[in-house]
Amino acid sequence: MKINSIPFLGDFIDGQFVKPAQPNGNIEKRDPGDTSQLILEATYQFEHINLACEAARRAFRSWADLSMDERKGFLLRLRESYINQSDELANIISRETGKPLWESKQEVQTMINKIDVTLTDALKLVEEVRIEKASGTTPGFLRFKPRGVMAVIGPFNFPGHLPNGHIIPALLTGNTVIFKPSELTPATGQLMAQVFETAGFPKGVFNVVQGNGEAGKRLVMHESVEGVLFTGSYETGFRIKQDILPHFWKICALEMGGKNASIVWDDCDVAKAVYENILSAFITTGQRCSATSRIIVRRSLGKKFIDAFHEAAKRISIDYSFENPFMGPLINSASLDKYLRFQGIAKREGCESLMRGKVLELSREGFYVTPSINMVNKLDPESIYQKTEVFGPNVAIYQVDEIAEAVHIVNTSSYGLVLSVFSNDREIFDYCFSRSRVGLINFNRGTVGASARLPFGGDG
């Protein structure tokens, strides 16, 4: 099956696509599930970051001065554009990330739903509040206003949904946006720019610039940027935090990965616990910040749960994104190499391999691997394997006798994002809730699948 490559239109600046006249570099994007397929060849130019910042800054005042209802109207038109181009968006997301088409369709629907939730629920968070007798008999007001130009730095694993989650509320509240897609998913960023163009936003309100890590650094450090909204790796997020430390005026929201745990207690619904943990560990080939990386099971249930989990993992279908599998490839060769390297690290650090992760050769050349499961016989907070986010289809299993041991293992990680607790005893859940150092906790459901109506963040 030959799929045509996509023509590169350039960066989307001030309402039009502009190709770099003097490129600083290029991006060649291939399908990770079929590397013979070229998706997009793009170039980037650092000067375009200045042009985009200037355009966003010029557009800010008039956009901020529109009424909320007027800005809502633009977002409703964007919603229609998303719906009209949903198939194209899902197809390009699958081609760029390798994730199954059914999953990409879910991602596009989530992008549409984000507009609905922002318009109906999220605006309540920025409503004006009148405080009677704030000072003596004088009333006071809590009032929010837009800040200016927001830089949105997107990840590869959800190249539409995650940046969209920053973009929509930023625009609705009167800010302008410059979006830099991951260099691993440039075509999704270009298509999003086309969707915005179709929706007819004013010039400069939404801009897209392509580029590498250096381009992202120049964008977040630009003097015209008032805020940085990032989702991605810990390493990149840490560098962003360092880069903008002198820029005290900038707001900064960083979501930087997870080493999420699931506690499986002996009074739970075992079949449900197996299903939820399989889904959370291996969906998106484990490339989710909220993926289950560690399962902590009560020893009395250990053999029954582990055997069932292992058998379910062996039945996972792995194939090309358009063949309707459960799991596709990893994003690139570097991720594949890292995944395989951690198989050896786990073994050297004394873990028992219950299911070895290896390269999977299919009819198409791609970055396919099998899932892996390791039994950790001894907690070691200094273990490279036990403390590192592998970002692949790998799970470490621990066995404990007491719930306090389980929570202690949860809290040894510096990633405090999501915890799942599987038990029929509400007191077990309450104990975990009060003592675990995480931002999100789920009861009898897996670690993936956050609600747009709830906050999303960790406690690291």
Only unsatisfied item for residue 386, checking (1) touching a Lys or Arg at 6+ places or on another chain (Cβ under 9 Å); (2) surrounded by fewer than 21 Cβ atoms within 10 Å (Cβ to Cβ); (3) farther than 21 Å from residue 271 by Cα; (4) in contact (Cβ under 8 Å) with a residue 12 or more places away in the chain, is (2)
Residue under evaluation residue 128, criteria (1) touching a residue at least 40 places away in the same chain (Cβ under 8 Å); (2) touching a strand residue (DSSP E or B) at 6+ places or on another chain (Cβ under 8 Å), criterion not met: (1)
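Can you confirm whether the range 176-184 contains a residue that is on the phi > 0 side of the Ramachandran plot and in contact (Cβ under 8 Å) with a residue 24 or more places away in the chain?
First, pick out the residues of the range 176-184 that are on the phi > 0 side of the Ramachandran plot: none.
No, every residue in the range 176-184 fails to be on the phi > 0 side of the Ramachandran plot and in contact (Cβ under 8 Å) with a residue 24 or more places away in the chain.
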Wholly enclosed strands (runs of 3 or more DSSP E) of the range 90-185 bearing at least 2 residues of a type outside the set (Gly, Ala, Ser), in contact with a His (Cβ under 8 Å, 6 or more places away or on another chain) and closer than 29 Å to residue 217 by Cα: 149-153
Of the conditions (1) crowded, with 24+ Cβ neighbours inside 10 Å; (2) farther than 21 Å from residue 456 by Cα; (3) not hydroxyl-bearing (Ser, Thr, Tyr), the single one that residue 299 does not satisfy is (1)
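Confirm whether residue 429 is modelled with pLDDT of 95 or more, of a type in the set (Phe, Trp, Tyr) and within 24 Å of residue 256 (Cβ to Cβ). Explain how you work it out, then say what you get.
Numbers: modelled with pLDDT of 95 or more: yes; of a type in the set (Phe, Trp, Tyr): yes; within 24 Å of residue 256 (Cβ to Cβ): no.
Criteria not met by residue 429.
With the structure loaded, tell me whether residue 398 is under 27 Å from the mean Cα position of the chain (by Cα), over 19 Å from residue 434 (Cα atoms), free of Cβ contacts under 8 Å to residues at least 60 places away in the same chain and not in a loop (DSSP other than H, G, I, E, B) or whether it fails that test.
On the way: under 27 Å from the mean Cα position of the chain (by Cα): yes; over 19 Å from residue 434 (Cα atoms): yes; free of Cβ contacts under 8 Å to residues at least 60 places away in the same chain: no; not in a loop (DSSP other than H, G, I, E, B): yes.
Taking the combined requirement at face value, the residue does not satisfy it.
Scan 51, 40, 76, 66 and give me the residue that is surrounded by 19 or more Cβ atoms within 10 Å (Cβ to Cβ) and either in contact with a Pro (Cβ under 8 Å, 6 or more places away or on another chain) or at negative phi (or both).
40
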Selection from the range 158-195 of residues that are open to solvent by 10 Å² or more (accessible area, probe 1.4 Å), among the polar types (S, T, N, Q) and farther than 20 Å from residue 250 by Cα: 182, 194
Options 270, 264, 274; residue that is of a type in the set (Val, Ile, Thr), at pLDDT 95 or above, under 22 Å from residue 393 (Cβ atoms) and open to solvent by 20 Å² or more (accessible area, probe 1.4 Å): 270
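The values are calculated or read from the model by the stated rules, or taken from the named source; none is laboratory data. These numbers come from a predicted model, not from an experiment. With ideal geometry, Cβ positions are generated from the backbone for all residues, glycine too; neighbour counts draw on all protein chains shown. We work out accessible area using only protein heavy atoms, side chains counted, and drop any ligands, DNA or RNA first. Shrake-Rupley method; radii C 1.70, N 1.55, O 1.52, S 1.80 Å.
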